[in-house]
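The values are calculated or read from the model by the stated rules, or taken from the named source; none is laboratory data. Just so you know, these numbers come straight off a predicted model, no measurement behind them. Note that we place each Cβ from the backbone using ideal geometry, even for glycine, and neighbour counts take in every protein chain shown. Surface accessibility is based on the protein's heavy atoms, side chains included, excluding ligands, DNA and RNA. Shrake-Rupley method; radii C 1.70, N 1.55, O 1.52, S 1.80 Å.
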Amino acid sequence: MKRSVRRDFRPQPKTEDKTQPRIEFDDFDPEKTEKKLGLALFFGLFFGLLAAFFVFLYAPNLRDLLFRLAPRENSVRVDSSADPKLYERELLALAKSVQAKQKRIDALIPKEPWLIIDTSGNQIFLMQDKTLLHKGVCSTGSYVLLRAGRNKQWIFRTPRGQFRVLNKMRRPVWYMPDWAFVEEGRPIPPRDSPLRYESGVLGEYGLALGQGYLIHGTLYKRFLGMPVTHGCVRLGDEDLEVVAKNMDTGSKVFIY
Amino acid sequence: MLIRLLIYYFESAHLNLLPFFKNRLPAQLVFLFFLLVPVFMVAVPLVILPVIKVTDATSFRGGSRTAGAGFAGGAAPTRAMAEAMDSLRLEDTYANLLLELSKKDSIMLAINLRDSLVDLLIKGVPVRRCRIGSYAMSQAIPHIARRDSLYTWLFPPFQLLSQTATIPKSPIRIMDAPKDTVEAEAMAGQEIPIENNDVHFTLQFNRNLTVRIEQEQPPSNTGEFKKKFAFDMERIFAEARATLKNLRAKKIPEHKLWIELSVSREDAKAIYRAIPVKLQMALFLPHAR
């Protein structure tokens with residue numbers, strides 16, 4: 001239903017508009033207005049400087065925001081005079097080149113069993129090509145810096161990088177270095193002293209990595225999975241057996 | 001809270017400015033002018049000019065970007081073909097980078113944003129593969145990608161210049177040698193500290209690239225949250241110091257390109273602890289644009 005609205009076109013008496021504020025000049029105080037204007041300027045500057053400081057501090061983020069807003073060229077320019085067959089040939093050649101390079105990269109992975117040692121998580125991964133053969137826990141360097149006197153100190157950390165098994169030993173005997181005696185508060189015997197030789201502490205197998213570092217067994221099985229060693233890699237009996245049986249002299253060991 | 005206090009102060013001192021501004025446009029304009037002048041004075045050299053500098057340098061000048069230009073006759077190659085070419089070029093560059101890294105003896109890093117993977121490499125062999133939970137890239141990278149120089153920016157591998165983190169590089173514990181066997185026995189009974197810190201680190205590379213690696217997990221406690229906050233603030237202030245240095249030398253500050261990745265805490269720790277001082281990195285961008 002249509003509602004009819006009647007409008008009164010006769011002249012109306014003027015009424016006071018309550019929405020508009022009345023300016024009363026009697027209230028005008030130049031001193032107060034000046035003070036307020038001064039304050040407005042002061043606060044304008046104050047907040048402006050504050051904002052400027054934040055702009056300075058977060059300028060990289062703002063630049064990034066501006067980069068997001070900056071127009072991007074999304075179109076692909078294609079030469080209209082280009083021959084698609086030649087273009088396709090170029091594409092194929094590039095794809096072949098990429099494939100060949102990918103093969104070269106894949107060939108870097110050893111084909112015979114290889115070992116990864118994670119010193120931060122104290123884990124081992126026995127691999128063959130790209131396949132995981134066995135995963136286990138180990139103990140690696142403790143990062144203890146042992147100080148003895150002024151000039152002597154040792155740091156117990158496992159070296160990182162690529163190594164090879166230089167020697168595979170059955171029931172290895174430990175030749176105790178100087179730090180082993182220092183750590184136990186015992187006097188250091190001469191280099192050829194029989195006191196330096198200890199058997200039965202390195203487990204069933206020992207895989208030498210060079211510079212005195214070994215992968216070996218341990219008597220302290222409760223410490224497996226923790227960084228407690230003097231740089232060698234300690235494994236539990238089962239893990240050691242799997243590793244020793246799969247790895248041979250010359251096998252690659254990657255430590256990170 | 002601060003604003004409330006300010007309002008309270010102004011009201012109590014009969015200095016409430018709000019009614020004063022209510023119907024006075026000139027006063028509002030003056031206030032805004034004085035508010036904006038310092039902002040613009042800082043924003044123009046630090047925000048606007050560096051962006052203009054990059055976007056100007058990366059704007060197209062001639063159509064030499066896509067391969068196939070210069071061939072004669074026949075129908076034009078399609079957009080899909082050109083995109084495939086871009087993608088293959090990126091793959092080719094990444095393969096070249098990996099081959100380059102395989103020549104090095106040290107541990108290297110490969111960030112593959114296309115497959116969301118971070119690899120630790122030794123002699124080209126991936127010894128740890130970490131899945132990227134999420135990543136973000138500087139918005140300036142697509143502008144660089146528009147240039148033909150993208151591939152020269154990606155190759156040779158990026159060289160690490162500096163690194164900062166919330167955890168120590170080597171968790172070294174200093175111990176003094178025991179005087180006798182009794183003291184040694186007492187020392188042997190000490191507990192082994194277990195590391196459970198949150199891991200966040202920043203790697204600053206050459207060619208103006210910063211890689212920030214964060215742990216996926218939220219801060220484990222208030223202490224770690226504070227540590228992370230302090231770490232972020234340190235980075236912001238370091239950037240501010242670099243900006244000041246540039247301004248003193250009367251140079252427009254260069255916008256740093258950044259990539260932020262989140263990986264698990266264990267992965268982040270393993271990566272940070274493993275990377276050497278002279279790290280080199282291969283980067284695979286998800287797309288060329």
A careful count of residues in the stretch B:136-190 that are of a type in the set (Phe, Trp, Tyr) and either surrounded by 18 or more Cβ atoms within 10 Å (Cβ to Cβ) or without any contact (Cβ under 8 Å) to a residue 24 or more places away in the chain (or both) gives 2
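Tell me the strands (runs of 3 or more DSSP E) entirely within the stretch A:194-256 that contain at least 1 residues that are β-branched (Val, Ile, Thr) and modelled with pLDDT of 95 or more. Spell out the reasoning first.
Values: elements: A:197-199, A:205-210, A:213-216, A:233-235, A:252-255.
Where strands (runs of 3 or more DSSP E) fall fully within the stretch A:194-256 and carry at least 1 residues being β-branched (Val, Ile, Thr) and modelled with pLDDT of 95 or more, they are A:213-216, A:233-235, A:252-255.
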Only one of A:234, A:157, A:164 is basic (Lys, Arg), touching a Ser or Thr at 6+ places or on another chain (Cβ under 6 Å), open to solvent by 20 Å² or more (accessible area, probe 1.4 Å) and touching a residue at least 60 places away in the same chain (Cβ under 8 Å), namely A:234
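For residues that are in a helix (DSSP H, G or I) and at pLDDT below 80, scanning just the stretch B:43-77, find the one that is least open to solvent (accessible area, probe 1.4 Å). Give the derivation first.
First, the residues of the stretch B:43-77 that are in a helix (DSSP H, G or I): B:43-58.
If we keep only those that are at pLDDT below 80 too, we end up with B:54-58.
Working: B:54: 36, B:55: 30, B:56: 88, B:57: 54, B:58: 4 Å².
Taking the candidates together, the pick is B:58.
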If we ask which residues in the stretch A:124-154 are open to solvent by 50 Å² or more (accessible area, probe 1.4 Å) and not in a strand (DSSP E or B), their number turns out to be 5
(1) at positive phi; (2) touching a Lys or Arg at 6+ places or on another chain (Cβ under 7 Å) all hold for residue B:215 apart from (1)
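Any idea which of A:141, A:161, A:149, A:136 is touching an Asp or Glu at 6+ places or on another chain (Cβ under 9 Å) and within 13 Å of chain B (Cβ to nearest Cβ)? Can you show your working first?
Numbers: A:141 fails: touching an Asp or Glu at 6+ places or on another chain (Cβ under 9 Å); A:149 fails: touching an Asp or Glu at 6+ places or on another chain (Cβ under 9 Å); A:136 fails: within 13 Å of chain B (Cβ to nearest Cβ).
Step by step, each of A:141, A:161, A:149, A:136 is checked, and only A:161 is touching an Asp or Glu at 6+ places or on another chain (Cβ under 9 Å) and within 13 Å of chain B (Cβ to nearest Cβ).
Do you know which residues across the stretch A:82-110 are part of a helix (DSSP H, G or I), under 37 Å from the mean Cα position of the chain (by Cα) and facing chain B (nearest Cβ under 7 Å)?
Taking the stretch A:82-110 as the starting set, the residues that turn out to be part of a helix (DSSP H, G or I) are A:84-106.
Filter once more, so that each one left must be under 37 Å from the mean Cα position of the chain (by Cα): A:91-106.
Within the stretch A:82-110, A:91, A:94, A:95, A:97, A:98, A:101, A:102, A:104, A:105 qualify.
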